[in-house]
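**Q** Pasting a structure below so you can have a look.
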Amino acid sequence: MASFATHRLRVHDATRPPRRRLSALRTCLTEFAPYGFYPTYHHLCRSAGIPRDLDEDPASLVRAVEELDEARRLWLAELAGWQVGRRAQKRAGVRRADPPQPSQWLFWPDPEFHPAGRLVEVMPSVMRGRWDLEGHQGRDGACPVCGAGRGTVEWDGDGYGRYTLCAGCGLGLGRRPPGLPDVRERVEVRSAFRRRRHLIWTRALEEGRRT
């Protein structure tokens, strides 16, 4: 399979049809998506202003992949530094990594509710968030990603679970079984969620929201 760098160049290639350039962008997201695939794609559609009709603004695909690449480079640099330290720990007989390996993503269950800032601005908090999550949340009630103490909200929009989200940025903080005892109701909610994700996939949600 071609690398992230190869698909990034394909997004830049103006000789390729816009649909194929979009496909290359989506492939980049399978390798690096700090919020998860759909939330990160939704973010990029908004931040780069990717229109439903790609011929209207094919350059938006370049803006999107460059924002993604900027965040990925930050993560790779952090990971490289961590690997150096981890090798030293192993030589010293330290079996458990301290700090843990920096993560490229946490979990945003609602694909339309995620941090609004540029990915590179949010990545430092995402990378440390996995090990900060439990302690930080417990110490002062502030979200380890957005830093806001806005409390939490409940979301059960996918029909598979009832999630506790940060009310500031949508970070998933916990999951319980869905509060939908009726089988038919669960099926309807899941179908509605799939339709919503299709709207994200086709950028139909972004009409009138160009940046």
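The values are calculated or read from the model by the stated rules, or taken from the named source; none is laboratory data. In this text the structure is predicted, and so the values were computed from the model without any measurement. Cβ: placed from backbone, ideal geometry, glycine included. Neighbour counts: every protein chain shown. Heads up: the accessible areas ignore ligands, DNA and RNA and are worked out on the full protein's heavy atoms, side chains in. Shrake-Rupley method; radii C 1.70, N 1.55, O 1.52, S 1.80 Å.
**Q** Hand me the list of helices (runs of 4 or more DSSP H) wholly inside the stretch 1-103 holding 2 or more residues that are under 24 Å from ARG128 (Cα atoms) and in contact with a helix residue (DSSP H, G or I) (Cβ under 9 Å, 6 or more places away or on another chain).
**A** In the stretch 1-103, 18-31, 37-48, 59-91 are the helices (runs of 4 or more DSSP H) which contain 2 or more residues that are under 24 Å from ARG128 (Cα atoms) and in contact with a helix residue (DSSP H, G or I) (Cβ under 9 Å, 6 or more places away or on another chain).
**Q** Still on this model: Provide a single number: the residues in the stretch 187-211 that are buried (at least 17 other Cβ atoms within 10 Å of the Cβ), at pLDDT below 85 and of a type outside the set (A, V, I, L, M).
**A** Selection size over the stretch 187-211: 1.
Matching residues to (1) surrounded by 14 or more Cβ atoms within 10 Å (Cβ to Cβ); (2) at pLDDT 95 or above; (3) on the phi > 0 side of the Ramachandran plot; (4) in contact with a Cys (Cβ under 7 Å, 6 or more places away or on another chain):
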{"residue": "ARG10", "(1), (2), (3), (4)": "yes, yes, no, no"}
{"residue": "THR15", "(1), (2), (3), (4)": "no, yes, no, no"}
{"residue": "LEU22", "(1), (2), (3), (4)": "yes, yes, no, no"}
{"residue": "TYR38", "(1), (2), (3), (4)": "yes, yes, no, no"}
{"residue": "ASP55", "(1), (2), (3), (4)": "no, yes, no, no"}
{"residue": "ALA64", "(1), (2), (3), (4)": "yes, yes, no, no"}
{"residue": "ARG91", "(1), (2), (3), (4)": "no, no, no, no"}
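**Q** Among all residue pairs at least 6 apart or on different chains, which show Cβ distances below 7 Å where the first residue, located in the stretch 175-204, is of a type in the set (A, V, I, L, M, F, W, C) and the second is in a helix (DSSP H, G or I)?
**A** LEU180/ARG186; LEU180/VAL189; LEU199/LEU205; ILE200/TYR38; ILE200/TYR41; ILE200/HIS42
**Q** Applying the selection to the stretch 148-186, what residues are among the β-branched types (Val, Ile, Thr) and open to solvent by 30 Å² or more (accessible area, probe 1.4 Å)?
**A** THR152, VAL153, VAL183
**Q** Which ones in the stretch 30-57 are of a type in the set (S, T, N, Q) and free of Cβ contacts under 8 Å to residues at least 24 places away in the same chain?
**A** THR30
**Q** If you take the residues of the stretch 69-104 that are touching a Pro at 6+ places or on another chain (Cβ under 9 Å) and among the aliphatic types (A, V, I, L, M), which of them is nearest to ALA33 (Cα to Cα)?
**A** ALA71
**Q** In the stretch 175-200, what residues are touching a strand residue (DSSP E or B) at 6+ places or on another chain (Cβ under 9 Å) and part of a loop (DSSP other than H, G, I, E, B)?
**A** Residues satisfying the conditions are PRO177, PRO178, GLY179, LEU180.
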